[in-house]
Amino acid sequence: MKPSPSLPPSLTRRVLFALAATVLGTVLFLALLEGGLRLADFGHPLGFILKEKGPDNEAVFTSNPFFIERFLPVRMPPGMTPKAVPFRLAKKAPGTVRVFLLGGSAANGVPDPAFGMARFLEILFSRQYPGVRFEVVNAAVPTFNSNALLPISRAILRDLEPDLLVLYTGNNEVISAYGLRSPVGHSQALVRIHQVLVSSRVGQLVQAMRRKFFNRSPGSPAGRQAFEEALLSAARLSLSDPRLEAIRRLFAQNLGDVIEPAREAGVGVVLGAPGCNLGDNAPFASAPGAGVGGDFIKAMDLAMEESAGLADQGETRKAALVLEAAVKLDPDFAELRYRSGKSWEQAGEYGLALEEYKAARDADALRNRTDSGMLVIIRKAAGPGAALADAERAMEEASPNGIPGDNLFFDHVHMRVSGNYLAARSVFEAARDLLPPEVLEKGPRGRTATLEECLEALPFTDWDRLRQAMTMERGLEGLLYRQASDHEERLAAIRLEVRDLSFAAEAPALERAREAYERVLALAGPDASWMVREKYANLLLYGLGQVEEAGRQARKVLDEVESPESLSILAVVENEQGRHQEAVEILSRLAELRPDDLAIRVQLLASRAVATEKAGRRLLESGRVEEGREKLEEAARLRQTLEGYGVVLPGGGP
């Protein structure tokens, strides 16, 4: 047998030298490019928090509004970019307990974080331990999953002096960053390397070019629908797909990597087992199981038709048995399992109904609810220093017939105040043994606040109830919700709710809301939550029309934290009071914070057009004719741009 040929030693050295030179040259080029981009002030720091100096030269930490870009591989359509709750924290004062809530949109409090889990937790802790100051920080961000929680928890442990971390996550593992559409698969090492690269300025340059040339933000309604359709079609994952197990393994690894450093730092962790809407939310997508024949759909349709006929005749048990037989043909078809659950519920067999509803959730091919597999992982991760808050069980126990539905949820996972209270109470009960020793030594001196007491302390008024329902009405018109078989029914129900709450926009209800907010603000004094003040400013401006006072309250909020909602309120106030240039400055900052928000861009254009026109007229009046005409021409161009968005400003002309 002839020996295999080998390269001469001199040639081998040359090849290795060339490879090493290429690698080193590439690394040097990227390092120089990174440094150049930083010197040119391109991009942003993409850490979770930013550090600045406070009035006394002490370190102050604020939330980074650009952190979310690490987890948005494409430019989102207008209005779809997730919105985080801002915070601003100085060194923790003695005797203060800091709690951080991490998770996605359910933990964040969508449709309105001012009435979400974090606010309920703050009230529950403060009522149970009077005299102890609790700071509950809402660090949950819509669309985020456990892959985002890792860098968030590390930053919190490093800089923010936490006493307790609350993880309420599991809904977004498949559909969000590094889920089904992961660019690097589901290896934790590759995910972390990718995060480092994306966070660099070079990575931001690549992302910016990609978004500019390949993922342009669709501005038109048709473009937005096409974008949503593409996302949804790429997010379907059947129960039997092997990628689901890979995503679950990554989820388990991420939870462990959040818990262990916290345990080593002496920081307690609470793991929430999220509940969801089981009884009143049909699956978003159904996929036939592996090996199911083409005749199944026809047989299923016939079974559903027969079952509906029997139910109409009052034969509810027979109707349920018909669907039970159909389920055996394909146990993984989500819609059939959901209909089977409805049939058993109508027959009064609530235990069987709950089983079927859970099976429907688990089989839903658009996997945006924490399924049984994820819940098992969460429960297994609990242990020493990591307590379990079983919100799923608490919600079942509090629901009619043990089946959570519209009594607690607006949609599949986003909670009404009743749901937020139950989720927060389950966390609160699990967390009590993890509080700092000095708090435990004093012991609880109050009782657990009821839902009604929490609503009064928030406060949560009929005006707020109406605003939440209106927000959800707009949300339920989205493409995701239109995938469900019960979409028309659910949309009609929320529209009826909005109509029934219309009294909240009338003078008597608005006056009651004003009194409720002023009472809470007066009781809290300087410790009043900025979120309470912001909702009060919202009521003053949009409900009561008290423009000047709304502006004063919004400025107080902005003295504490840079909240986009308060910036928006203040911009409206400045425009209403004729200070259009001031409004331009505020809206310019708001556009930086929310670059994909079309409404903000339009408001900015409108304010700029009016401010420029006023400046032009002043120049004409002062005799600077040429400069004045240039300004008026610029204002006319801005007006034309606005007309392209369907906005026509009054006035104008020479």
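The values are calculated or read from the model by the stated rules, or taken from the named source; none is laboratory data. Keep in mind the model is a prediction, meaning the values are calculated, not measured. Every residue, glycine as well, gets a Cβ built from its backbone with ideal geometry; the counts of neighbours run over all protein chains shown. SASA here: full protein model, heavy atoms, side chains in, ligands and nucleic acids out. Shrake-Rupley method; radii C 1.70, N 1.55, O 1.52, S 1.80 Å.
The relative contact order of the range 54-156, computed from alpha carbon pairs under 8 Å that lie at least 6 residues apart in sequence, is 31 percent.
Here the 3J(HN,Hα) profile of the range 518-533, calculated from phi with Karplus coefficients 6.51, -1.76 and 1.60 at θ = phi - 60°, is 5, 5, 5, 5, 5, 5, 7, x, x, 8, 4, 5, 4, 5, 5, 5 Hz, Gly and Pro shown as x. For LYS556 and ALA507, compute 0.36 nm times the residue count separating them, minus their Cα-Cα distance, and round to one decimal in nm. Length gained, LYS556 through ALA507: 15.1 nm.
Give me the net charge for the shell around GLY383: Cβ to Cβ below 15 angstrom, other residues only, Lys and Arg +1, Asp and Glu -1.
On the way: positive: ARG263, ARG379, LYS380; negative: ASP257, GLU260, GLU264, ASP390, ASP433.
Net charge in that neighbourhood comes out at -2.
Report, for the chain, the % of DSSP beta bridges that are antiparallel, rounded to 5. Walk me through the numbers on the way to the answer.
Numbers: 10 of 30 bridges.
That works out to approximately 35 percent antiparallel.
Label the range 321-393 by shape, choosing from rounded, prolate and oblate, from the square roots a ≥ b ≥ c of the eigenvalues of the Cα gyration tensor; if a/c is under 1.5 it is rounded, and otherwise prolate applies when a/b is larger than b/c, oblate when it is not. Before the final figure, lay out the partial values.
Numbers: a/c = 3.23, a/b = 1.99, b/c = 1.62.
Cα axes put the range 321-393 in the prolate bin.
Rg and Dmax of the range 84-195, both derived from C-alpha coordinates alone, stand at 15.4, 49 Å. Roughly how far apart, in whole Å, are the Cα centres of the range 400-431 and the range 252-295? Distance between centres, Cα-based: 16 Å.
Please give me the summed charge of the neighbours of ARG369: other residues whose Cβ is under 12 Å from its Cβ, Lys and Arg +1, Asp and Glu -1. Walk me through the numbers before you get to the answer.
On the way: positive: LYS358, ARG361, ARG367; negative: GLU173, ASP362, ASP364, ASP371, GLU392, ASP411.
Around ARG369, the charge tally is -3.
Just report the Cα centroid separation between the range 440-487 and the range 92-111, whole Å. Computed from Cα coordinates, the inter-centre distance equals 16 Å. First select every other residue whose beta carbon is under 13 angstrom from the beta carbon of GLU173; then total the charges, Lys and Arg +1, Asp and Glu -1. That works out to +4.
Sorting check: for 594-602, 171-179, which peptide has the highest mean count of neighbouring beta carbons within 10 Å, and how do the rest follow? Mind dumping the intermediate values first?
On the way: 594-602: 17.9, 171-179: 24.9.
Top to bottom by mean Cβ count within 10 Å: 171-179, 594-602.
Note: relative contact order over the chain, using C-alpha pairs below 8 Å and six or more positions apart, is 14 percent. Using the Cβ-Cβ distance between ARG192 and GLU621 with R0 set to 60 Å, the FRET efficiency from 1/(1 + (r/R0)^6) comes to roughly 0.45.
With the other protein chains left in place, how much accessible area per residue, in square angstrom, belongs to the range 450-595 at a 1.4 angstrom probe? Write down the numbers at each step before the final one.
Values: 6770 Å² over 146 residues.
On a per-residue basis, 46 Å².
The range 526-567 to the range 574-632: how many Å between their Cα centroids? After rounding, the separation between the Cα centres reads 23 Å.
Shape verdict for the range 289-360, please, from the Cα gyration tensor: rounded (a/c under 1.5), prolate (a/b greater than b/c) or oblate.
Oblate, since a/c reaches 1.5 and b/c is not below a/b.
Packing order of peptides 54-65, 471-482, 391-402, highest average first: 391-402, 471-482, 54-65 (average count of other Cβ atoms within 10 Å over each peptide's residues). Karplus-based coupling profile of the range 41-47, in residue order and whole Hz: 6, 7, x, 9, x, 10, x, with θ = phi - 60° in 6.51 cos²θ - 1.76 cosθ + 1.60 and x standing for Gly or Pro. State which entries of LYS92/LYS556; LYS53/LYS631; LYS51/LYS83 exceed 32 angstrom in Cα-Cα distance in the structure shown. Checking Cα-Cα distances, LYS53/LYS631 exceed 32 Å.
Amide H contacts for LEU388 (H built 1.01 Å from N in the peptide plane; partners 5 or more residues away or on another chain; cut-off under 5 Å): LEU271. Estimated at 0.36 nm per residue, the fully extended path between LEU491 and ARG181 surpasses their Cα-Cα distance by 108.6 nm.
Counting only residues at least eight positions apart within a chain, or on another chain, the lysines with an alpha carbon under 30 Å from that of LYS380 are LYS358. Taking θ as phi - 60° and the Karplus parameters 6.51, -1.76 and 1.60, the scalar couplings of the range 559-572 work out to 5, 9, 7, 7, 8, x, 5, 5, 4, 5, 4, 5, 4, 4 Hz in sequence order, x denoting glycine and proline. Candidates PRO650, PHE17, PRO564 compared by Cα position along the dipole of the chain: farthest toward the positive end lies PHE17, with charges placed on Cβ.
Modelled label positions at ASN57 and GLU229, each set 7 Å beyond Cα in the direction of Cβ, lie 6.2 nm from each other.
Think of the range 366-417 as a dipole: +1 on every Lys or Arg Cβ, -1 on every Asp or Glu Cβ, centred on the Cα centre; then among HIS412, ALA398, GLY383, GLY383 lies furthest on the positive end. Along the axis of the charge dipole computed for the chain (Cβ charges of +1 for Lys and Arg, -1 for Asp and Glu, origin at the Cα centre), the listed residues SER286, ILE49, LEU434 are led at the positive end by ILE49. Relative to the Cα centre, the charge distribution of the chain, modelled as +1 at Lys and Arg Cβ and -1 at Asp and Glu Cβ, gives a dipole magnitude of about 2520 debye.
Ignoring ligands, DNA and RNA, what percent of the 1.4 Å accessible area of the chain is carbon and sulfur?
Working: 16850 of 30500 Å².
Accessible surface attributable to carbon and sulfur in the chain totals 55 percent.
The overall shape of the range 476-614 is oblate: from the C-alpha gyration tensor, with semi-axes ordered a ≥ b ≥ c, the ratio a/c is 1.5 or greater and a/b is no larger than b/c.
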